[in-house]
Amino acid sequence: MILALAFVAAASFSADAKKKTVDLIEKYPALAPYFSTPSSDAMQPDELGFIRRWLLLEPISKPNRGNTVFVDSYIRKNLDTGWNKGDFKLPKDGDKVTMEVEYQKPVDMSAGRPRMPFQEPEVEMVKAKLTWHALDSKLFNVKLYRYAVGTETGRYGIICRAVTVIDVPEDIENVRLAVGSNSASMWWIDGEEVLILSGDRRMVMDDAASKRLTLKKGRHILSGAVINGPGMSDFCVRFIDENGNPVMNYNILNK
Amino acid sequence: MKTSMKIFSLAAFALISVSALAQEGQPWIHDPSTIMECDGKYYTFGTGGGGLISEDGWNWYGGAVRPGGGAAPDAMKIGDRYLIAYSATGGGLGGGHAGRVLTMWNKTLDPNSPDFAYTEAIEVAASEMDEDCDAIDAGLFMDPQTGRLWCTYGTYFGFIRIVELDPKTGARVEGNEAVNVAIDCEATTVIYRNGWYYLLGTHGTCCDGVNSTYNIVVGRSRSVTGPYLDNMGRDMVAGGGKMVIDGDDRQFGAGHFGRYIEDEGVEKMSFHWEADLDRSARSVLAIRPIIWVNDWPVAGDPFKAGTYEISSVRRGYALELAVDFVRQNIARRGGWRMDPNEPIVVHPNQTLEEVIGTWPEGEIPARVGDWMNRPHQRWVITAVPEAGGYLGGQYYKIQIEGTQKSLAAAEGAEVVVTPEYTGAPEQLWRIEQLIDGSYRIMPKAVPGCDCQYVLTSIADSTPTLAKWDFNSDNCKWNFIRKQ
């Protein structure tokens, strides 16, 4: 597959966008062990090639009876909704998006762990206004559970969307996007599907990889959506070469 | 009539089963030399003159030419020439033991080549009528550490000896004295690996058809001239030897070892069966993988068709169709809720009929995932005799059990599962056991790519096709038999 398109629009994502005035880490100190506020400088992949700079949408409520329901068709139906295709533009930090989401009463954590009924949850549709946040991960794996709980926007039964920009100085052939995610996830480059991780996934470095890709010189939007039921949620993403070694020669931007 | 038909069918099945395990064509030979490759063909010479030729390493026919008659030749390529050693033998066990080991050269092994011409044979070793050695059964060895050329020879009548030859002339190094390295065995040869010299020899009864107990044993040494000790510390001069291969279910009398290094991590051994019950009890050429266990060589098994889990060495996940996982509707029975007096129920495994309707109609990607013995993970591997073969093996089709869905190489050097089997080369797979006991799986062809790629785990859950690398578990697979 050759990804010939190289585009990033700098326009704001939503009419609801408002400039953020409060640093997210200061507002939610629980995020501090896992995330930092991005600098204005371009970031490079870490020493193992992992991408740590992301725009993360606040969790989309998606109650489910457990992670085993995340088969391929479920993933496509619920994650591949067209949200990052067509006239999709890179969101800015603080942009907001409004959508209808499935809502379930908060999980009962009184016993110290969630009760797992293994039945389809009873949900109602509600309107939610969710915010994009620009963050750098302090770890190679982006801790979505900590992001959700730390921002007091969710815990279990959620979909997290993640977007970043890959700025490639020259064509790079025969690379693969390699992902580990907890739980299932789906990934796109410039809106084209490149990878799906279905099932009750654990976050494993290089758990699955795309077909060989050519990253053309220029900017590319890398986006993903991770769905989780109960339990920890996180992901790690990098590009690898033909031998499984990390690809390092590109910059990572969030705008 | 029905009974006859049943018997016929059983016989046919037996033949089909056999054909999946043994060299095809007319692989009749006794005391085969180490297999040589020359201009894209394989050659081996035998006792009495002549030998076999194969274009693919699987189908073998007569046609090789070696003058001089005599017994048990060996062959080695040195530079751009082939050195052939053979023996003008005495009378065998009951006869005299005056033997002569001779060497000669040829630029090619192809008898149809204008360059095909043997040099005059020269004597490099000999035995007198009644000394403790019988100078036959030559085995050639080029020491990769020193570049020195050696030749072992001898039989049950006394010692096995090693002498040094000049790799430029094939003649005995002047002044070289023979060294005794083993006793009372035959068909010796030396190989080298990981700092060890290995002396392989054949014990047991020769030349008695189905009653031959011929078997190949080995000892090892840090020096090419020995002492060669077996796994019990016994010197081969004292009769020591660790088993490499003996009889099989239908073939007996393994003798005359030859090593062929096909690729890094892919080694094969040639030998003969004194008798193959499925082929008129004839003496036939055999080729098996070599497995190295704790720095000892042992014979691997020929790949057998059947139903398998194909497990990646990288993670241990199983090759599968990338389709929805279908849950089995069997109630969870947590131990803490169990009625101990409730009758035990045996549940069936999930069946193909229960899930196939959920699978897409067309081409489906391949994936690697947790083994659950589900229909999308069970592969039937079937030999395809008409597709030819490779050294020691034939091509297979790999299909989801109960379907025609076939594993195939695809454009871009990726791997998919096609809805039907067409016999196209991208649907044919070469399956070779590696020196560590695992396997490499290689398509006969990759569409749009003139490359010899192997099935590879580029990620834990993602198969692809890539260059062979023995040092990476990505390229290795295990076959776990299910039926």
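The values are calculated or read from the model by the stated rules, or taken from the named source; none is laboratory data. Values in this document were obtained by computation on a predicted structure and should not be read as measured data. Cβ coordinates were reconstructed from backbone atoms using ideal geometry, including for glycine residues, and neighbour counts include every protein chain displayed. Note: accessible area is taken over every heavy atom of the protein model, side chains too, but ligands, DNA and RNA are not part of it. Shrake-Rupley method; radii C 1.70, N 1.55, O 1.52, S 1.80 Å.
For region B:186-339, the percent of C-alpha pairs falling in each 10 Å distance bin, counted from 0 to the bin holding the largest distance, reads 10, 29, 25, 15, 9, 9, 3, 0. Across peptide A:72-82, the mean count of Cβ atoms from other chains lying within 10 Å of each residue's own Cβ comes to 1. Length gained on full extension, B:Glu174 to B:Asn194, computed as 0.36 nm times the residue gap minus the Cα-Cα distance: 4.2 nm.
Gyration tensor analysis over the Cα atoms of chain B returns equivalent ellipsoid semi-axes of 47, 24, 22 Å (largest first, whole Å). The packing ranking, built from the mean of other Cβ atoms within 10 Å per residue, places the peptides B:203-214, B:179-190 in the order B:179-190, B:203-214, highest first. Of all the Cα-Cα pairs you can form in the protein assembly as shown, what percent are over 36 Å apart? Within the protein assembly as shown, distances greater than 36 Å cover 55 percent of Cα pairs.
Averaged over the residues of A:203-211, the number of partner chain Cβ atoms lying within 10 Å of the residue Cβ comes to 5. Interface residues of region B:436-470, defined as those with an accessible-area decrease of at least 40 Å² between the chain by itself and the complete set of protein chains (probe 1.4 Å), are B:Ile458, B:Ser461, B:Thr462.
In vacuum, with every alpha carbon of region A:96-246 counted as one equal point scatterer, what does the Debye formula give for log10 I(q)/I(0) at q = 0.11, 0.13, 0.14, 0.15 Å⁻¹? Two decimals, please. Log-scaled intensity ratios, in q order: -0.49, -0.66, -0.76, -0.85. With the convex hull of the Cα atoms taken as the outline of region B:25-299, the averaged projected area works out to 13.4 nm². Once the Cα atoms are used to define both axes, helix B:2-19 deviates from the longest principal axis of chain B by about 70 degrees. Computed with a 1.4 Å probe over protein heavy atoms only, the accessible surface of chain B comes to 43 Å² per residue. The accessible surface of the protein assembly as shown, taken with every protein chain in place and a 1.4 Å probe, is 50 percent carbon and sulfur. Projected onto its three principal axes, the C-alpha set of region B:337-483 covers 63, 36, 29 Å, listed from the longest axis down. Maximal additional length on extending the B:Thr422-B:Ile344 stretch stands at 23.5 nm, based on 0.36 nm per residue less the C-alpha distance. Every helix of 4 or more DSSP H residues in the protein assembly as shown counts as -39500 (n - 2.57), and over all residues that averages to -1500 deg cm²/dmol at 222 nm. For the pair B:Asp436 and B:Asp208, label points projected 7 Å from Cα toward Cβ lie 4.2 nm apart. Peptides A:172-183, B:467-478 ordered by packing proxy, namely the average of other Cβ atoms within 10 Å per residue, highest first: A:172-183, B:467-478. Modelled spin-label separation between A:Glu122 and A:Gln104, with each label point placed 7 Å from Cα along the Cα-to-Cβ direction: 1.3 nm. Near the amide H of B:Leu434, within less than 5 Å, lie the amide hydrogens of B:Tyr439, B:Arg440, all on another chain or at least 5 residues away, with H placed in the peptide plane. The interface between chain B and chain A buries about 1500 Å² of solvent-accessible area in total (1.4 Å probe, ligands and nucleic acids excluded).
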